Amino acid sequence: MPTLDIQNLQVAIGDKPIVKGLSLTIRSGEVHAIMGPNGTGKSTLAKAIAGHPDYTITGGDVLLDGKSILEMEADERARSGLFLAFQYPSEIPGVTIANFLRAALQARLGEGEEIDATAYYKRLYGKMDMLTIDRKFTSRAVNEGFSGGEKKRCEILQMAMLEPKFALMDETDSGLDIDALRIVSEGVNALRGPGLGVLLITHYQRLLNYIVPDFVHVMYDGRIVKSGDKSLALELEAKGYDWVKKAV
Ligand code: ADP
Ligand code: MG
């Protein structure tokens, strides 16, 4: 069974340690949520796993199906089946969503292999129907003038098309108005299943009312300080993060 294994991971920004020995195993089919107060290193964890150049891994390892991804370039990590939903996706003016997704799929093929246009649109429209996305959406330029909800819709569609083994999603409050919240949760719920593992990073418990996680982890000061099932999220909502800080 596919696993994403984060082993005693340590990440620094410059010479400042941010993630201080974090271990977590995600198996295919599982949805894990990481919660925690601002500044605790959640986004740093996601970006380091994605291979962002500003984040230095100073210790530990990340294994995808037993193989370290740390020496892989970001695009190689993606080809191995890792999907990163970025906190602040950038605009790509003039490039339509349909062409962007096609290029993303094309990038995964070997040399000389071409995506068949008919098959591509069949797959795209199939995924859009599953996610109840209007067909007009794919002729828009990527993220140009998008609302928070539209950015999320683009991200979820990308995830559906790439069919990753593991998806890391970093959700801040800023990206999550009611519309975006609904799109993310409906999308993840439509895509979740035996072939996909999800790591959902969130500051807000509310998201977990819609995407019910199998496991909840609380991150504080660069480490996981508490793990449990979905009831842990409710407990956090009731007691706040001070409760966790005191427990450290
Ligand atoms: P979270 O996502 O849990 O709110 P972050 O991972 O964004 O936390 O931030 C963790 C710590 O790293 C914070 O102290 C933050 O100020 C610092 N940090 C994050 N990004 C950078 C950066 N690009 N340069 C310097 N410090 C950063
Ligand atoms: Mg963050």
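I'd like the distance separating the alpha-carbon centroids of the stretch 10-34 and the stretch 46-73, in whole Å. The two parts, judged by their Cα centres, are 10 Å apart.
The DSSP beta bridges internal to the stretch 3-247 are antiparallel in roughly 60% of cases. Sorting Lys239, Lys20 on solvent-accessible area from highest to lowest, probe radius 1.4 Å, gives Lys239, Lys20. For Tyr125, the accessible area of its heavy atoms, probed at 1.4 Å with every protein chain present, is near 70 square angstrom.
Which net charge results when you count Lys and Arg as +1 and Asp and Glu as -1 among the other residues whose beta-carbon is under 12 Å from that of Lys226? Neighbour charge sum, excluding Lys226 itself: +2.
Summary value for the chain: 28 percent relative contact order, contacts being C-alpha pairs under 8 angstrom separated by 6+ residues. Only protein heavy atoms count here; under a 1.4 Å probe, Glu114 has an accessible surface of about 140 Å².
Note on Thr118 and Arg182: their simple-model spin labels are 3.8 nm apart, each label 7 Å out from Cα toward Cβ. Between Ser227 and Gln7, residue separation times 0.36 nm minus the direct Cα-Cα distance comes to 77.6 nm.
Our note on the geometry: Cα centres of the stretch 135-151 and the stretch 208-229, 31 Å apart.
A 1.4 Å probe over all protein chains sorts Glu111, Glu91, Glu235 by accessible area into Glu111, Glu91, Glu235, starting with the largest. With the dipole of the chain worked out from charges on the C-beta (+1 for Lys and Arg, -1 for Asp and Glu) around the Cα centre, which of Ile211, Ser80, Gly149 lies farthest toward the positive end? It is Ile211, whose Cα lies furthest towards the positive end. When the helices of the chain are scored as -39500 (n - 2.57) per DSSP H run of n ≥ 4 and the total is divided over every residue, the value at 222 nm lands at -10500 deg cm²/dmol. Taking the chain as a Gaussian network of alpha-carbon nodes connected by springs under 10 Å, the highest mean-square fluctuation of the residues Asp170, Asp15, Asp214 belongs to Asp15.
The values are calculated or read from the model by the stated rules, or taken from the named source; none is laboratory data. Note that this is a predicted model, so its numbers are computed, not measured. Neighbour counts are summed over all protein chains in view; Cβ atoms, including those assigned to glycine, are modelled from backbone coordinates with ideal geometry. Accessible surface is based on the protein model in full, side chains and every heavy atom, while ligands, DNA and RNA are left aside. Shrake-Rupley method; radii C 1.70, N 1.55, O 1.52, S 1.80 Å.
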